[in-house]
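What follows is a short report on a single structure.
Nothing in this text is a laboratory measurement; each read-out follows from the coordinates by a stated rule. The model shown is predicted, which means the values in this text are computed figures rather than measured ones. Note: ideal-geometry Cβ built from the backbone for every residue, glycine included; neighbour counts use all protein chains shown.
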Amino acid sequence: MDQETVIRVEDVHKRYRLGIIGSSLLTDEVSALWARMRRRPDPRLLVEKAHVQQRRGQYFWALQGVSFEVRGGDILGIVGRNGAGKSTILKLLSRISLPTKGRIQLKGKLSSLLEVGTGFHPELTGRENIYLNGAILGMRKTEIETKLDEIIAFSGIEHHLDTPIKRYSSGMKVRLGFAVAAHLDPDILIVDEVLAVGDAEFQRKCLGSMRKVADSGRTILLVSHNVNAVHNLCNSAIWLDQGELRMSGGTHEVVRSYLEKYAVETHAQEWEAEHAPGTEELRLLGVKATCEAPGGELLTSHPLRIEFELLNLGITDDDLNINLRVSTHNEVVAFVSNMEREVGRMVWEPGRCKVSCTIPAYLLNEGGYRFTAIFRRNNQRLFQVNDAVILEMRQENEEDLPYVRRPGVVHPKLRWER
Amino acid sequence: MAMKDDKDQWDVVIDPSRAWWLVDLREIWRYRDLLVLLVRRDLLAVYKQTILGPAWQVVQPLLTSLTFAVIFGFLARMSEAGIPPLLFYMSGVVPWLFFANVTNRTAQTLVFNAQLMTKVYYPRLISPIATTLSSSVSFLVQLGAFALFALYYHLSGLHAWTLGKELAMLPVLVLVLMSIGFGAGLIVASITTKFRDFGLLLGFGIQLLMYLSPVIFPLSRVPEGGVLRRFLELNPMTPVIEGFRAVLVGSAMDWSTLVYGASCGMVLVVVGILVFQRAERSFADFI
């Protein structure tokens, strides 16, 4: 396969103005001009100094000195937290805005999908919009004509083609938009979070067509918040951190370092006895999550063990209960496990002891989970440790399927019979 | 694999120091299909779900001309003697509305297409060119309607005038009008990215300019040497409107004044494209 460099990003900087941008009032400028003419200080600087400074003085560097290269046929994932500059780099690459400094060179035809269905006009029919959208994305009319049947078949909305798209459901619009996008045939494709829309079946279709693009030797750049998607789809990755390139290389290493660095995951915590969370009677010295999968990877296909190390300072009877609350990153509680109900009461020796809870394989879905431990005595809450463990479960790669995250907070393996 | 670092090897170079004063005509040509589709969209979308449909393109100038004919023609007697007032006003209102349309819609392109421009790249000049072209299609339809009216007046003996060799000037007039409107629109569009006030002022400004153009009265009735006359002579739209009148209803015209209008048009287009290209570069960062 051709391995020449198709994208070269050299020392790219992008600066944005902070504060209220683009809406400065004419009256402001006129009064400033009037003051200048009378050699008086600018009124904008006298009144509300701080406010004005925020308006004109402050700049924000969205990207600083970013350089990287992408070779033909690569699928490059871009990871980073919110505000790290991921969207900015996509905007620069797709020529929507210009870098403040630096240079980007591209080889071949580039199409970017920062949005599906860009430029759809609600009054026009589905068919008319296929042409319009295709042309906006840089297709020639003859090209659209030859692919029209395929596009229509891909969208699955043959029966509504001559209906104005304002009568379409949002799902239909997305499908139509993606159908056009999937037939762009670019040399370089830029995709931003497109995976987040549509149902699972549609996501699969999209990913399938992305794979097809990649298999034909073309280059894809993918930005996603979903580290799993990057991990499963890309063969190389870059990590942006506060506008700077932190790391680039193979997906596996980049994603691992990214996850290690960020408190996105807290697989284990330890405290010294004096500072450990707890009360006079009981303290939590440590918590640790382990998976029995080979290499300790957190896979949904293997049991996950959450182990607590406790320091018992004064509980002599059997009246101690631990609740483990498992929730997703957006605070949806997946389930709560109550130790007392599961195993009954236990007698506690003074001093250090370990308690663990095992979550069976094929219960958790892939994605992020937060574990909160609540310690209770006499039906009263002693203390609670929020987000004692934060982790990201991964699903084992199934060879035959493109990556699709199944919806739901859990994904148990159930038995079906007939 | 040998790595040739030849500059010509790259298809696209994104560089902030790229010259903004160059117009990439080749790229605009590559996007000609988009241009055609945008013009089509403009023409189709506006009249969907209306009863009269494209007939609206004729109704608006007709009603305006009727109003003017009644108020300024019959009551104030400002129209030119020897020409039926309705015909006189139509011959001025049709090109004026065309000019107002081109200017307004060009001025709005950046703000109007903001959503699109922050999501996808295409040569930004395509948008104002498309609206200008679709306005000129409407203009041609209106011109056709005017011809029907003129024919009726001619056949019924109300206005004895036949098209002469002035007709050859029609394409020139259309070009001059388009360049003034397009250029001025681009300048306003560029300013509106920074000051929204200008967008709101524009409608009023065009209205005002109409009274400083020979739309509701012929230039010949404005006394020479007066303030109004001087304004009219400064206004590049004056020879354009007068020229349209000369072609359409056969009024007198000093064609040498059109040179001034055409020069203003050329300057406006060049300046307009330059400031637009400059504003467009940072536009996506501002909205």
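Here are some notes:
- In this entry, region A:61-123 is assigned a mean projected area of 6.0 nm², taken as a quarter of its C-alpha convex hull surface.
- Ascending count of other beta-carbon atoms within 10 Å, so fewest first, for A:Trp416, B:Trp56: A:Trp416, B:Trp56
- Per-residue shielding of A:100-108, expressed as the average number of other chain Cβ atoms within 10 Å of the residue Cβ, stands at 5.
- Evaluating 6.51 cos²θ - 1.76 cosθ + 1.60 at θ = phi - 60° for every residue in region A:174-184, the Karplus couplings come out as 4, 5, 5, x, 5, 4, 5, 4, 5, 10, 6 Hz, glycine and proline recorded as x.
- Three-way shape call for region B:17-95 based on the alpha-carbon gyration tensor, with the a/c threshold at 1.5: oblate
- Kirkwood hydrodynamic radius over Cα pairs of region A:260-418, then Stokes diffusion coefficient at 37 °C and 0.692 mPa s, in µm²/s: 194 µm²/s
- Spherically averaged projected area of region B:112-263 from its Cα convex hull (nm²): 11.2 nm²
- Each residue of region B:210-221 was assigned a 3J(HN,Hα) from its phi angle through the Karplus curve 6.51 cos²θ - 1.76 cosθ + 1.60 (θ = phi - 60°); the sequence is 4, 6, 9, 10, x, 8, 9, 8, x, 4, 4, 8 Hz, with glycine and proline shown as x.
- Karplus 3J(HN,Hα) series, Hz, for region A:273-279 with 6.51 cos²θ - 1.76 cosθ + 1.60 (x for Gly, Pro): 3, 5, 9, 5, x, x, 10
- Under the criterion of Cα pairs below 8 Å and six or more residues apart, the relative contact order for region A:296-372 equals 48 percent.
- Other protein chain C-beta atoms within 10 Å of residue C-beta, averaged over B:37-43: 4.
- Measuring between alpha carbons in the structure, the pairs from A:Lys86/A:Lys212; A:Lys86/A:Lys147; A:Lys107/B:Lys119; A:Lys86/A:Lys261; A:Lys91/A:Lys261 lying more than 28 angstrom apart are A:Lys86/A:Lys147.
- Average projected area [Cα convex hull, region B:91-184], square nanometres: 6.8 nm²
- Whole-number D in µm² s⁻¹ for region B:1-138, Kirkwood Cα-pair radius fed into Stokes-Einstein, 37 °C, 0.692 mPa s: 175 µm²/s
- Excluding same-chain neighbours fewer than eight residues apart, the lysines reachable from A:Lys413 by a Cα-Cα span under 27 Å are A:Lys205, A:Lys288.
- Two numbers describe the Cα atoms of the protein assembly as shown: Rg and Dmax, which are 34.3, 118 Å.
- Under the shape rule built on the C-alpha gyration tensor, where the axes satisfy a ≥ b ≥ c, region A:276-320 is prolate, since a/c reaches at least 1.5 and a/b is greater than b/c.
- The alpha carbon gyration tensor of region B:152-206 gives principal lengths a ≥ b ≥ c with a/c of 1.5 or higher and a/b no greater than b/c, which makes the shape oblate.
- Inverse mean reciprocal Cα-Cα distance (Kirkwood Rh) of chain B, Å: 20.7 Å
- Per residue of peptide B:113-122, the mean number of Cβ atoms on other chains within 10 Å of the residue Cβ is 6.
- Put simply, when A:73-79, A:62-68 are sorted by average Cβ atoms within 10 angstrom per residue, most first, you get A:73-79, A:62-68.
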